[in-house]
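*Asks:* This structure is in structure tokens; I'll ask about it shortly.
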Amino acid sequence: MIITSRKNETVRNMKRLGESSAYRAERGEFMLEGAKLLTDAAANGAEIREILYCGDRPQGAFGNAAMQEVSRDIIEYVSVQKTPQDVVFRAAIPARKGEPELSGAVILENIQDPGNVGTMLRTANAFGIKEVILVGACADLWNPKTVRASMGAVFREKTFRLSLEELTELKKKNGVTLYGAALGEDSSDIRSTKLTGSAVCIGNEGRGLSGELLELCDKSLIIPMAPECESLNAAAAATVFMWEMAKDIL
């Protein structure tokens, strides 16, 4: 039987997972869409629990996931995209992998745009960055927009969400040098500093790093640029820093 009603409990649950981070956290699940992300999630060990599709039935190994055909109208209702694909699915949020080490990590503070967080995850994965640590009011890792922007990297990259206090204790424990991306009179040119084995902090799109996190940093760094340019997008700046972190190990 094809589901056509928006009042169907399965449909309502899937829609809420796409819209609400609080509901995702409560359920321990996320919702994504598209055959490619479905394949990526399954290939990287995600526990796929349910798949809704219209048209052709998805092909692949998805464990014990339930499959349900729905009308195109239902896909469009559930989707968070302007141009929905033909598959939406829900899966369990993966358990955290081990404990953070800080060495070779990128720390994102208050990065609120899901697209920026996803792009940074994708870049971190491409450059072999060991882990990404989220501090403060960062966008939800399992927001569909975050996962889509990460191009599946969210399934492969080690990620952690820490409070500033937890990050402070981790720095004391591991003794890793912490650099902050920040404009300031005492900031050094990124080209003058070897970043291999250190950790780098990237701040909010508009306000940059908080004063508290800057105080925790051993040094602040800037990216030199043309004088008429005020700053880079947070994701673009993060790319430059991650390249500097990785260039001696790639």
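*Asks:* List the residue pairs whose Cβ atoms are under 7 Å apart, where the first residue sits in the range 186-200 and is touching a residue at least 40 places away in the same chain (Cβ under 8 Å), the second is surrounded by fewer than 13 Cβ atoms within 10 Å (Cβ to Cβ) and outside any strand (DSSP E or B), and the two are 6 or more positions apart or on different chains.
*Replies:* Close Cβ pairs (under 7 Å, with a partner that is surrounded by fewer than 13 Cβ atoms within 10 Å (Cβ to Cβ) and outside any strand (DSSP E or B)) amount to T196/D248; T196/I249.
*Asks:* Does L52 satisfy the condition of being among the hydrophobic types (A, V, I, L, M, F, W, C) and assigned to a helix (DSSP H, G or I)? So that I can check it myself, show each step before the final result.
*Replies:* On the way: among the hydrophobic types (A, V, I, L, M, F, W, C): yes; assigned to a helix (DSSP H, G or I): no.
No: the conditions fail for L52.
*Asks:* If I ask for residues that are open to solvent by less than 10 Å² (accessible area, probe 1.4 Å) and part of a helix (DSSP H, G or I), which ones from the range 69-91 would you list?
*Replies:* Once the filter is applied, which keeps residues that are open to solvent by less than 10 Å² (accessible area, probe 1.4 Å) and part of a helix (DSSP H, G or I), the range 69-91 yields I74, I75, V78.
*Asks:* While we're looking at this one, here's another question. How many residues does the range 102-118 hold that are in contact with a strand residue (DSSP E or B) (Cβ under 9 Å, 6 or more places away or on another chain), crowded, with 17+ Cβ neighbours inside 10 Å and assigned to a loop (DSSP other than H, G, I, E, B)? First the steps, then the outcome.
*Replies:* From the range 102-118, those in contact with a strand residue (DSSP E or B) (Cβ under 9 Å, 6 or more places away or on another chain) are 102-112, 116-117; that's our starting set.
From the residues that got through so far, the ones that are crowded, with 17+ Cβ neighbours inside 10 Å too are 102, 104-111, 116-117.
Those left that are additionally assigned to a loop (DSSP other than H, G, I, E, B): 102, 104, 110-111.
Total satisfying the criteria: 4.
*Asks:* Still on this structure, I have one more. Please determine, by comparing only the residues of the range 138-169 that are among the aliphatic types (A, V, I, L, M) and surrounded by fewer than 20 Cβ atoms within 10 Å (Cβ to Cβ), which one is nearest to Q85 (Cα to Cα).
*Replies:* Looking only at the range 138-169, we keep the residues that are among the aliphatic types (A, V, I, L, M), and these are 139, 141, 147, 149, 151, 153-154, 162, 164, 167.
If we keep only those that are surrounded by fewer than 20 Cβ atoms within 10 Å (Cβ to Cβ) as well, we get 151, 162, 164.
Working: M151: 15, L162: 34, L164: 39 Å.
Of everything passing the filter in the range 138-169, M151 is nearest to Q85 (Cα to Cα).
*Asks:* Same structure again: Evaluate the following for L209: is it surrounded by 12 or more Cβ atoms within 10 Å (Cβ to Cβ), in contact (Cβ under 8 Å) with a residue 40 or more places away in the chain and not small (G, A, S)? Outline the logic, then answer.
*Replies:* Values: surrounded by 12 or more Cβ atoms within 10 Å (Cβ to Cβ): yes; in contact (Cβ under 8 Å) with a residue 40 or more places away in the chain: yes; not small (G, A, S): yes.
Yes, satisfied.
*Asks:* Answer yes or no as to whether K130 is open to solvent by 10 Å² or more (accessible area, probe 1.4 Å) and in contact (Cβ under 8 Å) with a residue 60 or more places away in the chain. Steps first, answer last, please.
*Replies:* Values: open to solvent by 10 Å² or more (accessible area, probe 1.4 Å): yes; in contact (Cβ under 8 Å) with a residue 60 or more places away in the chain: no.
Considered against the rule, which asks whether it is open to solvent by 10 Å² or more (accessible area, probe 1.4 Å) and in contact (Cβ under 8 Å) with a residue 60 or more places away in the chain, K130 comes out as no.
This table checks each residue for (1) within 17 Å of the chain's Cα centre (by Cα); (2) modelled with pLDDT under 95; (3) among the small types (G, A, S); (4) farther than 21 Å from F30 by Cα.
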position: A124; (1), (2), (3), (4): yes, no, yes, yes
position: V132; (1), (2), (3), (4): yes, no, no, no
position: V147; (1), (2), (3), (4): yes, yes, no, no
position: G152; (1), (2), (3), (4): yes, yes, yes, no
position: K158; (1), (2), (3), (4): yes, yes, no, no
position: L183; (1), (2), (3), (4): no, yes, no, yes
position: S198; (1), (2), (3), (4): no, yes, yes, yes
position: E205; (1), (2), (3), (4): yes, yes, no, yes
position: G208; (1), (2), (3), (4): no, yes, yes, yes
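*Asks:* Considering only residues of the range 32-51 that are touching a Phe, Trp or Tyr at 6+ places or on another chain (Cβ under 7 Å) and open to solvent by less than 20 Å² (accessible area, probe 1.4 Å), which is nearest to G152 (Cα to Cα)? Steps first, answer last, please.
*Replies:* As a first pass, look at the range 32-51 and keep what is touching a Phe, Trp or Tyr at 6+ places or on another chain (Cβ under 7 Å): 32, 38, 40-42, 44, 46, 48, 50-51.
Now narrow it down to the ones that are open to solvent by less than 20 Å² (accessible area, probe 1.4 Å): 32, 38, 41, 46, 48, 51.
Details: L32: 11, L38: 9, A41: 7, A46: 11, I48: 15, I51: 18 Å.
Here the answer is A41.
The values are calculated or read from the model by the stated rules, or taken from the named source; none is laboratory data. These numbers come from a predicted model, not from an experiment. Cβ atoms come from the backbone with ideal geometry, glycine included; neighbour counts cover every protein chain shown. Remember, those area values only see protein heavy atoms, side chains included, never the ligands or the DNA or RNA. Shrake-Rupley method; radii C 1.70, N 1.55, O 1.52, S 1.80 Å.
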